[in-house]
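Bear in mind that the values in this text are calculations on the coordinates, not laboratory data. Please read these numbers as outputs of a predicted model, since none were measured by experiment. Virtual Cβ from ideal backbone geometry, glycine too; neighbours counted across all protein chains shown.
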Amino acid sequence: MDYLVRNPDTVLRLTGEHLYMAVVALLIALLIALPLSMLLLRSKPLATFVLGILGVLYTIPSIALLILLLPFFGLNRNSVIAALVIYAQIILVRNMVAGLQGVPTAMLDAAKGMGMTAWQRWWQVQFPLALPVILAGVRLATVVAIGIATIGAKFGAGGLGTLLFDGIAQNRYDKIVVGSVVVALLALILNRLLLAMEHYFEPASRIKRAVRPVRSVAAAEAPTAV
């Protein structure tokens, strides 16, 4: 880890580049995946067809996919971001469809009976209940994006993969070790943060948070024994 001690600015800059690629790709992927998932919910044959195509795209090796994208985006960071968006789609769409389908029909019927519009039912009932499953997909897609983004250094995108490829070319094991450790730590930290969000939005956790103030008020208003 001597390289990290001697070159903290370089490692920090490459970490920032790595995070930028992953975060931008995930945001774009989410903007595509959410409306696509809503569309697929309306047609099971269409869902099977689209998920099949996304599954095939996911099996393409990362370097091969990046090479295929070069004529469209060039030898730069944009090609890497586009590849990460493609890889994230199957994970995000599959989890979103599963999460939204998993909401009990009785709850949606009850919300409709209360006079909620289709938008209100989706936003106030279906989406919140599906959120833990959706976040599980985001968590998995994030870890995948962090890992695949290392390949981007071969295509002029920068990131922590620069340390790995430079270390291999220069026979510098210190660079390889630092690059590998920082990538792993980055994936681990983001995974833990998103896992905490999953637990926070679970229905059981929401119920506990809702019940706690009620219990506190009840305890405060309870008459004291004389």
Residue among L46, L70, L51 that alone is in a helix (DSSP H, G or I), of a type in the set (A, V, I, L, M) and closer than 22 Å to T150 by Cβ: L70
Close pairs (7 angstrom Cβ cut-off, 6 or more residues apart or separate chains): within 19 Å of A83 (Cβ to Cβ) in segment 46-59, surrounded by 14 or more Cβ atoms within 10 Å (Cβ to Cβ) and of a type in the set (F, W, Y) anywhere: Y58/Y87
Which numbered condition V103 misses (of (1) β-branched (V, I, T); (2) assigned to a helix (DSSP H, G or I); (3) in contact (Cβ under 8 Å) with a residue 12 or more places away in the chain): (2)
Candidates G159, G179, filtered to the one that is touching a Phe, Trp or Tyr at 6+ places or on another chain (Cβ under 9 Å) and not in a helix (DSSP H, G or I): G159
